[in-house]
Amino acid sequence: MMIGALGDIHGDFASVRHIQAQHPEVPVWLCVGDVADDVGNYEPLPVPIHFIKGNNDGYDAIAAGMLPHNLHFIENGRLTLVAGLRVAGLGGTFAPTWYDAPASDLPHPIKGTLKATAQADKRRHFVREEVVACQALAGIDVFLSHEAPRPYFVGGRGGTRGMDAGKTPINEVLAAMQPRLHLFGHHHRFTEQEREGVRSVGLDLASHSYLVIDPARLTYTVSTIDRGKHP
């Protein structure tokens, strides 16, 4: 048996269905967040996906437990068993202003539409108490985060490295938890590195590429979508 891993989906459920159809040997998938479409909606899928939140998700649907068939939410700082693997997650993005707030106090005003006040919904962030909960977990096989660890350089031009978009709390979790494999998204490009002694893999958009993982060794192959067969 193998497992799969997807980067940000952003509502492209057609690509996910195509990927799942190509891999009948994969009975379950992981995802690093940003699953919902632009207005926070989700669609049922043929094969289960266990996902953490990104900064563009349907937080009302998640909070209400109103997710479609085969979509399973992984709460921050909680151990989850997925196909025999010990999985933990730290979904959402880092915001210094809200980092020390209790997770239960993150504001989420009543919305006229799902999209209208998306930036006002602070549930898209993670907080310190969730980082501490992650640091206390041991024996984790796969750690999922939406943010990247530091350093993670983006936006460089002419040979320059650009800005370090990584976030220190992710490094703090990796250093304490020491998972066997770390997967993250948010930046929409595939990267491989080692951070805090942990293999750390950045995933591209699900519409571009994905991983098929051997759960025993946690080695993986990277596959791209065949655009000749899928628009």
The range 86-100, residues that are touching a helix residue (DSSP H, G or I) at 6+ places or on another chain (Cβ under 8 Å) and among the hydrophobic types (A, V, I, L, M, F, W, C)
A88, L90, F94, A95, W98
Are any of the residues in the range 22-35 free of Cβ contacts under 8 Å to residues at least 60 places away in the same chain, closer than 14 Å to L205 by Cβ and either under 14 Å from the mean Cα position of the chain (by Cα) or surrounded by fewer than 16 Cβ atoms within 10 Å (Cβ to Cβ) (or both)?
yes
Filtering the range 136-147 down to residues that are under 15 Å from G197 (Cα atoms), not in a loop (DSSP other than H, G, I, E, B) and not aromatic (F, W, Y) yields V142
Looking at E43, E75, which one is more than 17 Å from the chain's Cα centre (by Cα), without any contact (Cβ under 8 Å) to a residue 60 or more places away in the chain and surrounded by 16 or more Cβ atoms within 10 Å (Cβ to Cβ)?
E43
Flagged in the range 205-231 as at pLDDT 95 or above and either within 16 Å of H18 (Cα to Cα) or of a type in the set (F, W, Y) (or both), in numbering order, are L205, A206, S207, H208, S209, Y210, L211, V212, Y220, V222, S223
Tell me which residues, restricted to the range 202-219, are buried (at least 21 other Cβ atoms within 10 Å of the Cβ) and in contact with a strand residue (DSSP E or B) (Cβ under 7 Å, 6 or more places away or on another chain).
G202, L203, A206, Y210, L211, I213
Checked T191, T224 against criteria (exposed (fewer than 12 other Cβ atoms within 10 Å of the Cβ) and out of contact with any helix residue (DSSP H, G or I) (no Cβ under 9 Å at 6 or more places or on another chain)); the one match is T224
Hey, D121 without any contact (Cβ under 8 Å) to a residue 12 or more places away in the chain, touching a helix residue (DSSP H, G or I) at 6+ places or on another chain (Cβ under 9 Å) and not aliphatic (A, V, I, L, M) or not:
no
Members of the range 148-163 found to be touching a Phe, Trp or Tyr at 6+ places or on another chain (Cβ under 6 Å) and either assigned to a loop (DSSP other than H, G, I, E, B) or acidic (D, E) (or both), listed by number
A148, R161
Which one is farthest from the chain's Cα centre (by Cα), of the residues in the range 201-228 that are without any contact (Cβ under 8 Å) to a residue 40 or more places away in the chain and not in a strand (DSSP E or B)?
G228
What residue, of G162, G155, G185, is of a type in the set (G, A, S), under 28 Å from A133 (Cα atoms) and out of contact with any helix residue (DSSP H, G or I) (no Cβ under 8 Å at 6 or more places or on another chain)?
G185
State yes or no: is Y42 under 27 Å from Q135 (Cα atoms) and of a type in the set (F, W, Y)?
no
Among the residues listed as A133, A148, A138, A165, the single one being closer than 26 Å to S104 by Cα, of a type in the set (A, V, I, L, M) and either touching an Asp or Glu at 6+ places or on another chain (Cβ under 8 Å) or surrounded by fewer than 18 Cβ atoms within 10 Å (Cβ to Cβ) (or both)
A138
Across the range 173-200, what is the number of residues that are of a type in the set (V, I, T) and part of a helix (DSSP H, G or I)?
1
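The values are calculated or read from the model by the stated rules, or taken from the named source; none is laboratory data. Remember, it's a predicted structure, so these values are computed and weren't measured experimentally. Don't worry about glycine lacking a Cβ; one is built from the backbone with ideal geometry, like all the others, and counts go over all protein chains shown.
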